[in-house]
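What follows is a set of notes on a single structure, which appears directly below.
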Amino acid sequence: MTGTAWAWLVLLFPLLGSIVIALGYRALPRKAAGMIGTAAIGLSFACGIAALIGLLGDEPEARHHASSLWDYASVAGLDIKLGIYLDQLSVFMVLVVTGVSTLIHLYSYGYMQSDQGYHRFFSYLNFFVFSMLLLVLAGNFVLLIVGWAFVGFASYALISFWYRRETATRAGMKAFVINVVGDIGLVLAAFLIFRELGSFDYGEVFEKAPEVFTTNEWTITAICLLLLVGAFAKSAQLPLHTWLPDAMEGPTPVSSLIHAATMVTAGVYLIARTHVLFALAPTAADIAAFVGLATLLVAATIALVVTDLKRAIAYSTMSQIGYMVVGVSIGAYGAGMFHLMTHAFFKALLFMAAGSIIAAMANEQNIDRMGGFAKAMRFTSITMLCGALALAAFPLTSGFFSKDEILAYAGARGGMYLVFVVLGYFGAFLTAIYTFRLIFRVLGGEPCPEARELIETGHVHHAEPRNPATGEPEDTDVGFPGPEHHIAEHSAPMRVAMAVLAFLALVGGLIQIPGVNNVVADFLDPAFEGPVLAHVHPSIAWDWIGLAIGGAISLLGIWAAHWLYVANPERPRALERRFQGLHDFLFRKWYFDEAIDFLVVRPALAIGRFANRVFERFVVDGLVSGTEGTVRGTSGVVRAVQNGFVRSYALLLIAGFAGLALYFLLSAS
Amino acid sequence: MSIEWYIVLSSLLFATGVLGILLRRSPMVILLCLELMLNAGNLALVAFSRMVGNEQGQVFAVIVMVIAACEVVVGLGLIVAIFRRRLPLNVDDLRELRG
C-alpha cells in the first residue's frame, strides 16, 4: 500500500470508532466502548507510522503526495476534491495527534470509569480525533475549513460535556463563539486566495503564489492577517484567548487532549502549512511573532497568581503556544514543530497528573487547599514532576532543547529579533517559577485533609460533587466524575498512559540535540522548501550557549520558586499585600474579559436591542402587517359580492353574458 | 313563414324566463322559468335547423331536453328536501352560503 492509502486509513478508524460507539451506546458495555475508542485511535496511530514508512521510502524532495477520493464540489470554475495532502509536516502532525490521543484515550478509560456519559465521551473524543486528523491531512483550503470547524464543534461538545453544569455550558458557548470569529477569518482568507490564485488546492496555491504576489503586497498581507485571525482564535493567542482558561470546565482528559496537546496547536500548524504565503508577507509574519511574544508573557504572568490548578496549567499552555507561534513566524519551522511535539508530551502529562490530584481532592481545584500529595500519591507526584521539569526546561529534558532552539533561531536572525531572545528567556524564567509554584504548593508542604486521608487509610476522599467555580451541588444524572473518584494509583490504564508520557517528556528532546542529531528538523526541512523568511542557521556554538543560558534561567526560576513558596511560605502573601494593585491586575487576568465585554459584547447587545426595538418593531412588522392589511381589504370587496341571494347571482350571470354578447355583436358589425 | 317570427318568439320566451328568475322568489317558479329559457333555446335551434335544412339542430334540441330532464330531477329533489326540512320556500331567505 502507498503512503496515501495508509493516510486514508488514519482518517477512517476514528470516524468508525465514533460512529460505532455513538450508535451502539445501548448495546455496548462500558468496557467495550472504551476499548473500541482506544483501539480505533491506536490503529490510526499504527497507520500513521505505516504512512511515515511509506514516505521515508521516497527521496526527501519527493515526499509529498496528494490523493483524492472524489469531487467534493465542481461548479463554475471551482474544482474541490475530497483530497488529502501527505507530506512531512502532515505526517508529523498525524503522529503527534494520534500518538498523544491514544494515551489520553487510555487514561480516560480509567478516569471516566464512573461517569454516566461514558459512551458519549468516547464517541465525542473519537470524533475530535477524526476532525483534527482531517484538519492536518486536508489537501485544500476547503477541507481544512471543514476540519477546522469540526474541531471547533468537538471542542464545544466536550467543554460542555457536563451539560447540567451552567458554568460548563457557558464556557462551551464562549469557546464556540470565539472560534467562529477565527473561522470567519480563515474563510475570508480562503476567498481572497481563490480570487487571486483561482484555486483552493495547496499544491497549486503554493506554486502560483510567488509568481502572482510581490513581497508585502497588500493582498497577500491581508490574506496572511486573516489566516492569523483563524490561527489566533484556535490557538488562544491575544486577544482571542479568553475561551481557553474557561474551557477547563470540561473533563480533565479533554483539557489534556484538546486544550493542551492537539487542537490548540492547530494555529501553529496553519502558519507552518502556509509558510509560502507568510514568506511573501514578512510584515504579517512579524505581527504574528509579536502577538506570540505578547501572549507568552501575559499568560506567564497570569499563571503566577491563578489559584485554580487546571487554569494555571491552561495559562501555561497559552504561554507555550506563544513560543511556538514565535517559532513558526520567524522562520524556525523545525524548532516550532519540535516544541509542539515536546509540549504535547509534557502538557498532556501535567493535565493527567492534575486530573489524578483533582480526583483525590474530590473535584476541588483550588491549589490553596492542596498540599502534601508527594507522600500520598507517589506515582502521580513523580510523573507530575517529570512534566513540570520538562515545562520548566530543566537541563536535558525535552522542553529544554525545544524551547531554546526557537530562541537560538531568533538570536541568529539578529536585529529586531533579539527582543524575542531577551523576552523569551524572561518568559522561560516566569515559566520555571509558576511551574514549580504548582509543584511546591500541590506536592510539597503539609498534607491537606484529603491527602492525609489517603496516606492514613489508603482511601480516596469522597465528597458530594460540587461545582468548583460556584460551589453549587452537581447534577450527577447526566454524568459527572461520578460518586467514585479515580486516581492513577488505583487505575492501571491511567498509570500506563502517564508513565509513557513521563518517559517521553524526559527524553523526547534527545532526538534533536544541537550538533549531535537533528531528527525532526531534518525530516521536516524539505516540506519548507520554496520562498523562506530568512536564510539563517544558528551556529552550533550559539545553540549551546543558548542552552546554557536557558538551563541557568530554568534553575534560577526553580530556585526562585523555592525561595518564594517553600523557604518562607509567608513570603508570597507579603508580596501580594505589598503589590496589591499588581496582584489584582494579574489575578483578574489583565482585565481581558472585562475589556472584551466592554468593547464587543455590550455594543453588540446594544445594537441587538436597538434592532429589536426599532427595526423589528417598525420596519419588519410594518412590512408584514401592511401586506396582511392589503390582502384583507381586497378580499373584503370581493366577498361582498357573495351575498347569498341566488337571484343576484343570476343577475350578475345574465348581465355578464349579455355584456359579452353585446361586445361580440358590436365588434362583429 | 320567415325565420324572424321564430326568433322573436324564442327571444320573448327567453326574456320571460330571465325576468321570472330575477323577479320571483319561489324556487319552484324559478325552476319553471329555467325550463322556459331552455325551451326558448330549443325553439331557436329547431327553427335554424329547418332553415339550414339538416338535422343537426334537432339533435341538439333533443340533447337539451335530456339535460333539462336531469336538471329538473335535481332541482325538484332539492325543493322536496327543503320542504321536508321545513325551511322557507323562498330563495331570499335561504342565504346561509353567503361569503
## Note on the structure
Checked against (1) surrounded by 12 or more Cβ atoms within 10 Å (Cβ to Cβ); (2) more than 20 Å from A:Ala655 (Cβ to Cβ); (3) within 14 Å of chain A (Cβ to nearest Cβ), B:Glu96 satisfies every condition except (1)
### Query
Which of the residues that make up the range A:387-420 are touching a Leu at 6+ places or on another chain (Cβ under 7 Å) and β-branched (Val, Ile, Thr)?
A:Thr397
### Task
Could you please find all residues in the range A:249-288 being within 20 Å of the chain's Cα centre (by Cα), polar (S, T, N, Q) and either part of a helix (DSSP H, G or I) or within 23 Å of A:Met498 (Cβ to Cβ) (or both)?
A:Thr252, A:Ser255, A:Ser256, A:Thr262, A:Thr265
## Note on the structure
Counting only residues that are part of a helix (DSSP H, G or I), farther than 14 Å from A:Val91 by Cβ and not small (Gly, Ala, Ser), the range A:24-64 contains a total of 8
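Within 18 Å of A:Gly152 (Cα to Cα), at pLDDT 90 or above, in contact with a Leu (Cβ under 9 Å, 6 or more places away or on another chain) and surrounded by fewer than 24 Cβ atoms within 10 Å (Cβ to Cβ) - does that describe any residue in the range A:288-308? I'd like the intermediate steps shown before the answer.
Going through the range A:288-308, the residues within 18 Å of A:Gly152 (Cα to Cα) turn out to be none.
No, the range A:288-308 has no match at all.
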### Query
Taking into account only those residues within the range B:8-31 that are within 14 Å of another protein chain (Cβ to nearest Cβ) and more than 13 Å from B:Val91 (Cβ to Cβ), which is nearest to the chain's Cα centre (by Cα)?
B:Gly17
### Message
Is it the case, given these coordinates, that A:Gly629 is surrounded by fewer than 11 Cβ atoms within 10 Å (Cβ to Cβ), within 14 Å of chain B (Cβ to nearest Cβ), assigned to a helix (DSSP H, G or I) and modelled with pLDDT of 85 or more?
### Response
no
### Message
Scan the range A:655-664 and tell me whether some residue there is at pLDDT below 85 and more than 17 Å from B:Ala15 (Cα to Cα).
### Response
no
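Can you go through A:Arg577, A:Arg613 and tell me which one is at pLDDT below 85 and away from every other protein chain (no Cβ under 14 Å)? Give the derivation first.
On the way: A:Arg613 fails: at pLDDT below 85.
Within the list A:Arg577, A:Arg613, the selection yields A:Arg577.
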## Note on the structure
Of the residues in the range A:640-669, those that are under 23 Å from B:Leu23 (Cβ atoms), within 14 Å of another protein chain (Cβ to nearest Cβ) and not small (Gly, Ala, Ser) come to A:Val641, A:Gln642, A:Asn643, A:Phe645, A:Val646, A:Arg647, A:Tyr649, A:Leu651, A:Leu652, A:Leu653, A:Ile654, A:Phe657
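Identify, from the list A:Phe161, A:Phe153, the residue that is farther than 19 Å from A:Lys310 by Cβ and among the aromatic types (Phe, Trp, Tyr). Working first, answer last.
Details: A:Phe161 fails: farther than 19 Å from A:Lys310 by Cβ.
Exactly one residue qualifies, and that residue is A:Phe153.
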### Query
Given the residues A:Val624, A:Val637, which is the only one that is more than 9 Å from every other protein chain (Cβ to nearest Cβ), under 59 Å from the mean Cα position of the chain (by Cα) and assigned to a helix (DSSP H, G or I)?
A:Val624
### Query
Residues in the range A:65-76: is at least one modelled with pLDDT of 85 or more, small (Gly, Ala, Ser), not assigned by TED's automatic domain parsing to the domain that holds A:Met494 and not in a strand (DSSP E or B)?
no
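Answer with yes or no whether A:Ala567 is over 29 Å from the mean Cα position of the chain (by Cα), closer than 23 Å to A:Phe440 by Cα and without any contact (Cβ under 8 Å) to a residue 12 or more places away in the chain. Reasoning before the result, please.
Values: over 29 Å from the mean Cα position of the chain (by Cα): yes; closer than 23 Å to A:Phe440 by Cα: yes; without any contact (Cβ under 8 Å) to a residue 12 or more places away in the chain: yes.
Yes; evaluated as a whole, the condition is true for this residue.
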### Task
Within the range B:28-86, track down each residue that is of a type outside the set (A, V, I, L, M), crowded, with 16+ Cβ neighbours inside 10 Å and without any contact (Cβ under 8 Å) to a residue 24 or more places away in the chain.
B:Cys33, B:Asn42, B:Ser49, B:Gly57, B:Phe60
#### Entry: Subset of the range A:570-627 (residues that are among the basic types (Lys, Arg) and within 30 Å of A:Val181 (Cβ to Cβ))
A:Arg588, A:Lys589, A:Arg602, A:Arg609, A:Arg613, A:Arg617
### Task
Six or more apart or on different chains, Cβ under 8 Å: which pairs go from a residue in the range A:67-78 that's among the acidic types (Asp, Glu) to one that's surrounded by 11 or more Cβ atoms within 10 Å (Cβ to Cβ)? Could you list them?
A:Asp71/A:Asp79; A:Asp71/A:Ile80; A:Asp71/A:Lys81; A:Asp71/A:Leu82
### Query
Is it the case that A:Tyr85 is buried (at least 20 other Cβ atoms within 10 Å of the Cβ), under 24 Å from A:Gly203 (Cβ atoms) and touching a residue at least 40 places away in the same chain (Cβ under 8 Å)?
yes
### Query
Somewhere in the range A:499-512, is a residue in contact with a strand residue (DSSP E or B) (Cβ under 6 Å, 6 or more places away or on another chain) and either in the same structural domain as A:Phe206 (by TED's automatic domain parsing) or more than 23 Å from A:Ser381 (Cα to Cα) (or both)?
yes
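The values are calculated or read from the model by the stated rules, or taken from the named source; none is laboratory data. In this text the structure is predicted, and so the values were computed from the model without any measurement. Positions of Cβ are backbone-derived with ideal geometry, glycine not excepted, and every protein chain shown enters the neighbour counts.
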